[in-house]
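First up is the structure itself, then whatever we jot down about it.
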């Protein structure tokens, strides 16, 4: 039984990766389980400067999931490097996927250049898809030429594999993915959350202080799966699939659609041991479906006959 | 912090929309009054955070008000049903800060965490005064339970239908060494203004995870941002930006 996969040239023990924003900078999950069992994890979205994020409430219940409008709260790249990563290194001996966000192309390049110098960073995941910030984030991920500009700027400052994280809130996600690939991206991850909202019936006003939020959880799984399937067919570079993944079966389905690795997001917030449980359950799920090597099933659903 | 399964041994109404649930399970991770549990409810995605009212061996008591779909579902749960809980969440109140004569102010569903706190403070030999604030007589619960613990117990009602007419702050004694409070935010702000000593506030907030991962409940304090679920829910008066 082989759970190992190769993500942009780097082998990981299994394809399970906690998604950015649901796992902090990792070390706090050590009180739930040994995070070294993970393939890797994507750290909290990091920006050039410290950000407090959006006003409260930032969280709402939704059918089949939840909405969040956290707004990229993080201590800024300097403090991430001086405080969070050293803390993480005390308990974690693998590489991380450093998730980066920005409000200008220079922001992205600045933050990526800083993180490029950190040994613990194995991959840069560049978030051009945050729906909860204004004047940045998702606006870079909804236009192919803007997405290409960010990709080029980041590629110019790092030797590490660059994975562009895409938004589902677009008409043609394949066009965005292709633009990133042509601009030099080493991988594509998708999907970020879907834009949604709730209204508080008692106050008759939007429930989230930010009015809108990102919808995640099992409800978005089929949408995410379809987009991973589409993007796999449009690009040659590896695809990291995410969106509503909660079980080992979901991981297999994502991989069959074309994902080389699979990120798990909202599930970590409901069950802090979600990723560990999925990893533990993967061998049995593989056996059930006659799979001996996970690499064999990447994109297998695309094969004819 | 721990994830474990609890069995419901009692679930009964205390007032029209406030219920008490007693559960049996592994309570070993609940280490301080003012902590909370986060409850998985079938058919809903997010867990629901509820403060700990009392712990006795393997028995946990929570008191909740039916305010939305989560608590409405809890009200329908039967004895013998099992619930998936994360326990030992949050920092809880600091018992060592109390001094000899602490005063505790609980408003509405802010009353329950005051129960375990009172019990612990009295076991440490403190002279405890408790003020229980409600809107009206029909909403009152646990007055006798606090009296049975040996606390000087005062009840206030906004409409004057029982006890002292007014808000919990209207019953503040002249002489106290420290305060602890939990209740709706307008009440907490009133306590902040009315109190003369240092003290601790417990905050309620919509949460994502309840254990510090998602930044869904962060608030600004004097010492930077704090996550209500992990760095709180109890904050010291000196930390609060009001």
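The values are calculated or read from the model by the stated rules, or taken from the named source; none is laboratory data. Bear in mind that the values here come from a model prediction, so they are computed numbers and not experimental data. Note that we place each Cβ from the backbone using ideal geometry, even for glycine, and neighbour counts take in every protein chain shown.
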Practice problem: Would you mind stating whether residue A:97 is crowded, with 24+ Cβ neighbours inside 10 Å and either part of a helix (DSSP H, G or I) or more than 12 Å from chain B (Cβ to nearest Cβ) (or both)? | Solution: yes
Quiz prompt | Enumerated strands (runs of 3 or more DSSP E) restricted to segment B:157-230, each holding at least 2 residues that are free of Cβ contacts under 8 Å to residues at least 40 places away in the same chain and surrounded by fewer than 20 Cβ atoms within 10 Å (Cβ to Cβ) | solution = B:218-221, B:224-227
Self-check item: Residue selected from segment B:186-211 under the condition within 14 Å of chain A (Cβ to nearest Cβ) and at pLDDT 95 or above, by the criterion farthest from residue B:67 (Cα to Cα)
Solution: B:211
Quiz item: Can you name the condition, by its number, that residue B:84 falls short on among (1) touching a strand residue (DSSP E or B) at 6+ places or on another chain (Cβ under 7 Å); (2) farther than 22 Å from residue B:11 by Cα?
Solution: (2)
Quiz prompt | Members of segment A:25-66 found to be closer than 15 Å to residue A:267 by Cβ, assigned to a loop (DSSP other than H, G, I, E, B) and within 11 Å of another protein chain (Cβ to nearest Cβ), listed by number | solution = A:32, A:33, A:64
Quiz item: Is there a residue in segment A:110-122 that is touching a strand residue (DSSP E or B) at 6+ places or on another chain (Cβ under 8 Å), closer than 19 Å to residue A:152 by Cβ and in contact (Cβ under 8 Å) with a residue 60 or more places away in the chain?
Solution: yes
Quiz item: So which of A:133, A:91 ends up being more than 18 Å from residue A:186 (Cα to Cα), in contact (Cβ under 8 Å) with a residue 60 or more places away in the chain, more than 14 Å from the chain's Cα centre (by Cα) and buried (at least 21 other Cβ atoms within 10 Å of the Cβ)?
Solution: A:133
Practice problem: With the checklist (1) more than 14 Å from chain B (Cβ to nearest Cβ); (2) buried (at least 20 other Cβ atoms within 10 Å of the Cβ); (3) under 16 Å from the mean Cα position of the chain (by Cα); (4) modelled with pLDDT of 95 or more in hand, flag the one item residue A:5 doesn't pass. | Solution: (3)
Quiz item: Name the residues in segment A:244-270 that are in contact (Cβ under 8 Å) with a residue 60 or more places away in the chain, more than 14 Å from every other protein chain (Cβ to nearest Cβ) and assigned to a helix (DSSP H, G or I), would you?
Solution: A:251, A:255
